[in-house]
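Worksheet: one structure, shown below.
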Amino acid sequence: MFDFDIETYDPEWLCGRAAIAARHGGRLRALVGRTLVRAWPLWDVADDTWFADGPVLLDFGGEQAEIQHRKFDDLAVGWNSLAPRGPAHWPGFDLRWRHDAVPALASLQGQVLQDVELLEWRGDDAARGMVAVGFVFPHGRVTVFNALDENGLGFHGPRALLRAPPLGRARGADRVNAHDIPWHPDEHVRFAAHLDRLRHVAEPHEAALVGDVLTDPDGTMARSAVLRHLDRRAADLRPGPAYEEWARTMTEATADHPFLVRRLREWSLFRAVALGLPWQPDDLLASSDWLQLKTAAGTNTEAVAMLAERGRTKRIRDTARAGLIHGS
């Protein structure tokens with residue numbers, strides 16, 4: 001899932017500052033003094049937002065660092081394996097690499113890197129031990145941190161997270177473990193708070209809370225939190241009759257956010273296919289890669305057979321064919 005169907009991309013997931021410094025400290029430190037030529041995040045074309053599940057590419061003119069987070073504390077640092085003008089695939093999304101889409105990130109292009117930092121989260125929560133990577137420039141900085149199973153971008157100085165000394169000034173590739181100072185990425189904290197509130201909200205107040213979360217100034221983060229909530233609730237409610245009223249209510253609550261509305265519509269189609277309710281083959285063939293892949297792994301023989309022949313991607317077709325073989 002995390003290779004984006006790109007043969008050259010094979011992320012190596014590491015946990016803990018010591019392991020990451022031992023594996024990548026020297027190479028990160030060697031970036032100091034280089035000019036950031038381009039910074040490439042992945043962009044969701046349909047929703048016109050940053051796709052936070054994808055790696056962030058920082059091209060320093062011949063040496064490209066590729067930063068990606070997952071789960072609570074996994075970090076992959078890749079090198080020169082991705083061509084930002086090539087395709088990237090993720091079920092249900094139309095993705096493009098863009099160097100001009102995030103203004104604060106784009107403003108760092110053309111500046112010489114002064115320092116690189118490894119920063120470790122020391123909060124008393126599930127993210128404890130998460131390692132972020134900070135890049136410091138004369139007129140700004142960017143920190144790529146773990147926003148709970150996806151990337152987050154921070155553009156302000158360290159506050160409530162413990163950090164190692166800048167790798168750019170450290171001596172020895174592995175010695176990055178002294179003089180910690182705090183840093184706290186606000187987006188990370190708000191994201192966790194949104195998820196917690198959504199997880200515990202009473203049903204009568206759910207729509208109002210979804211609307212409230214979507215007013216967060218970080219629209220990408222807010223939509224990601226709501227998307228996770230919708231996926232969790234839809235999976236729980238799908239088998240029973242309560243789903244239909246819930247889906248109508250959530251569609252109204254997210255009406256100004258086309259991607260979320262589309263996800264709800266596709267959950268309804270998936271429900272119809274899975275429960276043997278009426279559905280139209282053309283609707284499934286026109287649906288996102290996310291829904292086709294989810295349906296291809298399901299038990300509706302008619303839908304699976306159709307996707308085995310006409311699924312949009314090779315992964316969808318292969319998944320459907322494997323399901324047919326297993327079920328025969």
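The values are calculated or read from the model by the stated rules, or taken from the named source; none is laboratory data. This structure is a prediction, so every number in the text was calculated from the model and none was measured. A quick note on method: Cβ atoms are made from the backbone with ideal geometry, for glycine too, and the neighbour counts reach across all protein chains shown.
Condition (residue is at pLDDT 95 or above, basic (Lys, Arg), more than 26 Å from ASP53 (Cα to Cα) and surrounded by fewer than 21 Cβ atoms within 10 Å (Cβ to Cβ)) applied to the range 258-265: is it met by at least one residue?
Checking the range 258-265: not a single residue is at pLDDT 95 or above, basic (Lys, Arg), more than 26 Å from ASP53 (Cα to Cα) and surrounded by fewer than 21 Cβ atoms within 10 Å (Cβ to Cβ).
I'd like the full set of residues that are free of Cβ contacts under 8 Å to residues at least 40 places away in the same chain, under 18 Å from GLN111 (Cα atoms) and either surrounded by fewer than 20 Cβ atoms within 10 Å (Cβ to Cβ) or hydrophobic (A, V, I, L, M, F, W, C) (or both), limited to the range 42-63.
Correct list: GLY61, GLY62, GLU63.
Filter the strands (runs of 3 or more DSSP E) completely within the range 25-126 down to those with at least 3 residues that are outside the structural domain of ALA225 (by TED's automatic domain parsing) and more than 20 Å from the chain's Cα centre (by Cα).
115-120
Would you confirm whether or not the range 113-132 contains a residue that is closer than 19 Å to LEU42 by Cα and surrounded by 15 or more Cβ atoms within 10 Å (Cβ to Cβ)?
yes
Going through the range 166-211 one residue at a time, which ones are at pLDDT 50 or above, assigned to a loop (DSSP other than H, G, I, E, B), surrounded by 13 or more Cβ atoms within 10 Å (Cβ to Cβ) and of a type in the set (A, V, I, L, M, F, W, C)?
LEU167, VAL201
Consider the range 250-263. How many of its residues are in a helix (DSSP H, G or I) and closer than 11 Å to GLY211 by Cβ?
Going through the range 250-263 one residue at a time, the tally reaches 3.
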